[in-house]
Amino acid sequence: MTPRIIPVELFDLVVFGATGDLSQRKLLPALFHRDLQGQIPPGSRIIGCSRRAMSNEDFAGFARKAIEDHVPESDRPADVMARFLERLSYVTADAAQDAGWADLGRTLEADAGRIRVFYLAVGPDLFGPICDRLGAFHLVTPSTRVVIEKPLGKSGASARALNESIGRVFSEPQIYRIDHYLGKETVQNLMALRFANALFEPVWNSGHVDHVQITVAETLGVEGRAGYYDTAGALRDMVQNHMLQLLCLVAMEPPTSTQADALRDEKLKVLKALKPITEDQVNHLTVRGQYKAGAANGGAVKGYLDELGSNTSRTETFVALKAEIANWRWSGVPFYLRTGKRLPSRVSEIIVTFKPIPHSVFDGQAGPIAPNRLVIRLQPDEGVKLWLMIKDPGPGGMRLSYVPLDMSFADAFNVRNPDAYERLLMDVVRGNQALFMRRDEVEAAWAWIDPVLEAWANSGDTPKPYTSGTWGPSAAVALIERDGRTWYEDDDID
């Protein structure tokens, strides 16, 4: 199957922080792939911008290396590489000072009527100063968009302040708060599964669903990000944004359309319906852990404190929690979320477990009957499994087996699966905000997270230690097993 390439209009994309890690690993390779597919119109420009002095030729060399490091050689034809590098230019400008901003203005003024995207691949402390200077130097046009990366604050108060600083210059329809999880193919297929098939929607409720698990597991530690990570932790870094967005897509009501605000209105309702986790419930409904030395990725690894270079830290590298949604569709259905670093495998998935059948017509020789499960795998191998009971083939009576209907996107479509940033960058150019967070979504998520953070801070407890290469502290197992359930891992039944 050949994917359909939808062209976009002529654009200028300015990447602030163009020499940083995000630009090198994700943005430049993603833009190259879109150029390779013929999606970037002739004449569109990609302009790197940071305070580091660099010539156009130097930046082109930086981009070439980034693409060679992150794009397979078979996907790097010489003519496309030359065409892509020709699009690039570079401007030296300091976010905290006025130097260089007039140069950026002169670079952009020749094509003031085209779509203009400013991508802020920088720390959140620079969002306000950059936006202020974009306004002061009259670089914001009616067709301008600004893209901001997480973290979107460290609390509800800081998120509101951040939104205010950006909102002084840009209107809400111009602001694209990016969450790369929402650009993953499987996340969007969750929408297709629910709303393009008559099979699931009638049973997508508390009458038929027993519980939902959402797992985002990493084998890596904090690596070189220990300094940043120690100011954030897993709840801020993963749950407040990625995991709550996934929960919203599972739980939301059918929107009236796929228009951006129709989708975001329904997600907002879910966030507002989340039952608060109060201070007296936090020890019962949440678990936080911190990895210690162990084995991961085939070798011995250090503990978090060793990577941090400190004797103590109350920052969690693992979180498990039980959430409930107080509405008619989901009343009484627990949503179990867990995420952590230095876990046994790298996997992101959503598991919807349906209720057991009310009565078995089979005798004991048929074997146990397991409940149906829908497993939506986001990474590493994107796909969908529906676990069903079937009869074992052959004579000798009725013997039942639990097997999956397994659909891998790579196998089913036999095409390269675009990186999430490729889709999201082109959606910014198109002006499609459906996969981006609205301001009230961000603040509603923080309103649910803030009391948990406050309760943890007030408790004085430290995160529970867990050995690298395991599934977190034993308390995370107790969290779900006291409800008579267990964490699902694909290896259990594959």
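The values are calculated or read from the model by the stated rules, or taken from the named source; none is laboratory data. What you are looking at is a predicted structure, and each value in this text was computed from that prediction instead of being measured. When we count neighbours, we look across all protein chains shown, and the Cβ atoms used for this are built from the backbone with ideal geometry, even at glycine. Surface areas here come from the heavy atoms of the whole protein model, side chains and all, with no ligands, DNA or RNA. Shrake-Rupley method; radii C 1.70, N 1.55, O 1.52, S 1.80 Å.
Quick notes on this one:
- Residue in region 425-433 that is closer than 13 Å to ARG288 by Cβ and open to solvent by less than 40 Å² (accessible area, probe 1.4 Å) present: no
- One residue stands out in region 458-477 among those that are aliphatic (A, V, I, L, M) and touching a residue at least 60 places away in the same chain (Cβ under 8 Å): the one that is most open to solvent (accessible area, probe 1.4 Å), namely ALA475.
- Flag for ALA370 being in a loop (DSSP other than H, G, I, E, B), open to solvent by less than 60 Å² (accessible area, probe 1.4 Å) and more than 30 Å from LEU271 (Cα to Cα): yes
- Sole residue being modelled with pLDDT under 85 and among the aromatic types (Phe, Trp, Tyr), chosen from PHE413, PHE436: PHE413
- Applying a threshold of 9 Å to beta carbon distances and a minimum spacing of six or more residues, or different chains, the list of pairs starting in region 94-115 at a residue that is on the phi > 0 side of the Ramachandran plot and ending at one that is open to solvent by 50 Å² or more (accessible area, probe 1.4 Å) and part of a loop (DSSP other than H, G, I, E, B) reads GLY100/ARG51.
A quick yes/no check of all residues on (1) free of Cβ contacts under 8 Å to residues at least 24 places away in the same chain; (2) in contact with a Phe, Trp or Tyr (Cβ under 8 Å, 6 or more places away or on another chain); (3) not in a helix (DSSP H, G or I):
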{"residue": "ILE47", "(1), (2), (3)": "no, yes, yes"}
{"residue": "ALA53", "(1), (2), (3)": "no, no, yes"}
{"residue": "ALA63", "(1), (2), (3)": "no, yes, no"}
{"residue": "ILE67", "(1), (2), (3)": "no, yes, no"}
{"residue": "SER74", "(1), (2), (3)": "yes, no, no"}
{"residue": "ASP79", "(1), (2), (3)": "yes, no, no"}
{"residue": "PHE84", "(1), (2), (3)": "no, yes, no"}
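- Evaluation of LEU104 against (1) surrounded by fewer than 18 Cβ atoms within 10 Å (Cβ to Cβ); (2) more than 29 Å from the chain's Cα centre (by Cα) (one fails), failing number: (1)
- Filtered by the rule that a residue be surrounded by fewer than 16 Cβ atoms within 10 Å (Cβ to Cβ), modelled with pLDDT under 95 and not charged (D, E, K, R), region 57-76 gives PRO72, SER74.
- Scanning region 46-56 for residues being hydroxyl-bearing (Ser, Thr, Tyr) and open to solvent by less than 40 Å² (accessible area, probe 1.4 Å) gives a total of 1.
- For the criterion of being within 22 Å of GLU149 (Cα to Cα) and surrounded by fewer than 18 Cβ atoms within 10 Å (Cβ to Cβ), GLN97 passes.
- Residue count, region 358-374 (criterion: under 17 Å from VAL333 (Cα atoms) and of a type outside the set (D, E, K, R)): 3
- Residue in region 149-157 that is touching a residue at least 40 places away in the same chain (Cβ under 8 Å), open to solvent by less than 30 Å² (accessible area, probe 1.4 Å), within 22 Å of ARG114 (Cα to Cα) and of a type in the set (A, V, I, L, M, F, W, C) present: no
- The helices (runs of 4 or more DSSP H) located wholly in region 238-350 that include 3 or more residues which are closer than 26 Å to ALA475 by Cα and in contact (Cβ under 8 Å) with a residue 60 or more places away in the chain occupy 244-251, 282-285, 304-308.
- Of the residues screened, VAL333 is not one that is modelled with pLDDT under 95, of a type in the set (A, V, I, L, M) and in contact with a strand residue (DSSP E or B) (Cβ under 7 Å, 6 or more places away or on another chain).
- Close pairs (7 angstrom Cβ cut-off, 6 or more residues apart or separate chains): open to solvent by less than 10 Å² (accessible area, probe 1.4 Å) in region 25-45, in a loop (DSSP other than H, G, I, E, B) and charged (D, E, K, R) anywhere: ALA30/ASP419; SER44/ARG87
- Qualifying residues in region 439-467 (those that are among the polar types (S, T, N, Q) and modelled with pLDDT under 95) - the one nearest to the chain's Cα centre (by Cα): THR462
- Considering (1) touching a Lys or Arg at 6+ places or on another chain (Cβ under 7 Å); (2) surrounded by fewer than 13 Cβ atoms within 10 Å (Cβ to Cβ), the lone condition that SER143 does not fulfil carries the number (2).
- Some residue of region 4-12 being surrounded by fewer than 19 Cβ atoms within 10 Å (Cβ to Cβ), touching a Leu at 6+ places or on another chain (Cβ under 9 Å) and either assigned to a loop (DSSP other than H, G, I, E, B) or modelled with pLDDT under 95 (or both): no
- Of all the listed residues (LEU134, LEU126, LEU139), the sole one being in a helix (DSSP H, G or I) and over 18 Å from LEU22 (Cβ atoms) is LEU134.
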